[in-house]
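Read-outs: derived from the displayed coordinates by stated rules, not from any lab. On a predicted model such as this, the values are computed, not experimentally measured, just so you know. Cβ coordinates were reconstructed from backbone atoms using ideal geometry, including for glycine residues, and neighbour counts include every protein chain displayed.
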Amino acid sequence: MINYHPTEEQLSEFAQGLSSPALALVISAHIDMCGKCQKHVARLESDSAKAVFEDQINIAANQPKEFASMLADITCLPVSESPSATPKESMIELDGRKFAVPRALKRYVDKTGNWSHLLGNLWQAPVDLGPIGKAHFIFMQKNGRVPEHTHRGTELTLVIDGEFSDGISHYDTGDFILMNSDNTHAPHSEASEGCLVFSIVDAPLHFTSGIARLLNPFSHLFF
Amino acid sequence: MLVGIPLQSNNANIPKPKECAQEMSQFLVTVADKRCKRSFAEIFNYFAPRLRSYCLKQTGNEALAMELVQDTMSNVWQKAHLFNADKGSPSTWIFTIARNLRFDMLRKQQNRKEDICSDDLWPILCEHTADANEVTLEEQMTLQQINTMFESLPEKQKVVIEAIYIQGKSQQEVALELDIPLGTVKSRTRLALQRLKELIKDDD
């Protein structure tokens, strides 16, 4: 059951097109998994559309000359036949287990690299999002644990499959989590099936507890 | 060519939102069914200027605004058959297309921030958190793994790494303390980090 959603403000900014690209991607994927936010955002989009398009602007005064040639060019374009560019592969695989990814992340399935094993019963596969942030699919095996850390930037996490806890809360499939320098946590999964999450960070983690600080020079290896 | 496609040039009879939605829905259906350029021109004339002003407000950039209009209206022309009036109004449909294209645009625009996966990350000043007395069993397992990794280093490297990464000393301080050249501290650090990296990331 999904308990953690983006805030009202985040959803509203998303609907209006004002979110950062990384946040927009994770919110969009959350919406794919969460009927409640889906309905809510549809309402917000309809409100934004009204605000943008029912503006009684003075068309004659505002219309650039290029519109005429633009219109002519567009109507020469062929119809796009495919409903939308549906990627062939929409599952990611780890050790023979297949996981369905939400619609918004499908375009990144074939930009996902190989899994590598990290200490703490963790697996991660890098996802090439381009310059918007470092993204990974992360799999915590049963008892998998990320040492306690805080964040030097923003860490966005979406639970794709399974459950995990981090000393702050317990999260289930579909939950949306935003962490920053105000939060210190130690994610771990006790679920027998483990837990798969998608995560984007814009700066490396900072490990905080005792000997785990030794990991700080390698924080870039941890998502 | 522009033949047969009237470009609305006056602002007379701006339609009211409600009837506008019905009218625009109808135009979209006609575009989808008959590739009707005249219907598309009606849609274009209504939405293009408003889209431009939306994007101008957000970016203040005329070229970006025109690009967004072009991309959005191209999508409308090419994908009119995907419009479903039961799912929402033409405004919402077109707005959502524009909004998503805007996100794509932002994604491409965003300059590569400083490379956040740089191998040269230097230790940040250590914070003091409650110490490892209260850690749970599973956490101890991870910490134990880290400890084992650390213990497996040659003694000389271990001393340097502990001073720098756990006690937070500078390389210069360590050199003075151990009475060894700075270059030696650097090479021991480098070798130890290489080894630790392999241990953390055991590919299998």
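Label-to-label distance, residue B:56 versus residue A:99, with points set 7 angstrom from Cα along the beta-carbon direction: 4.6 nm. Of B:193, A:205, the sequence from fewest to most neighbouring Cβ atoms within 10 angstrom is B:193, A:205.
Take the cross-link list A:98/B:108; A:39/A:106; A:106/B:34; B:79/B:108; B:108/B:197 and give me the ones stretching past 27 Å between alpha-carbons.
Listed pairs above 27 Å: A:98/B:108; A:106/B:34; B:108/B:197.
Say each of residue B:38 and residue A:66 gets a label point 7 Å from the Cα, pointing the same way as Cα to Cβ; how far apart are those two points in nm? About 3.0 nm separates the two model spin labels.
Based on the Kirkwood radius over alpha-carbon pairs, what is the Stokes-Einstein translational diffusion coefficient of the range B:135-200 at 10 °C with 1.306 mPa s viscosity, in µm²/s? Approximately 127 µm²/s, per Stokes-Einstein.
The ranking of B:199, B:182 from fewest to most other beta carbons within 10 Å of each one's beta carbon is B:182, B:199. Structural descriptor for the range A:134-222: relative contact order 41 percent, calculated from alpha carbon pairs under 8 angstrom and at least 6 residues apart. Calculated on the Cα set of chain A, radius of gyration then Dmax: 20.7, 68 Å.
Convex hull of alpha carbon positions in the range A:91-221: directionally averaged projected area 7.4 nm². Exposure proxy for A:182, B:33, A:175: other Cβ atoms within 10 Å of each Cβ, ordered fewest to most, give A:182, B:33, A:175.
For q values of 0.14, 0.27, 0.28 Å⁻¹, compute log₁₀ I(q)/I(0) with the Debye formula on a Cα-only model of the range A:8-74, without solvent. Taking Cα atoms of the range A:8-74 as identical point scatterers yields -0.60, -1.10, -1.16. Calculated FRET efficiency, residue B:172 to residue A:51, Cβ-Cβ distance, R0 = 41 Å: about 0.10 to the nearest 0.05. Every cysteine in chain A with no other Cys Cβ under 4.7 Å from its Cβ, please list them in numeric order. A:76, A:195, each lacking another Cys Cβ under 4.7 Å. Approximating the spin labels as points 7 Å out from Cα along Cα→Cβ, the residue A:192-to-residue B:152 distance works out to 3.1 nm. Note: relative contact order over chain A, using C-alpha pairs below 8 Å and six or more positions apart, is 20 percent.
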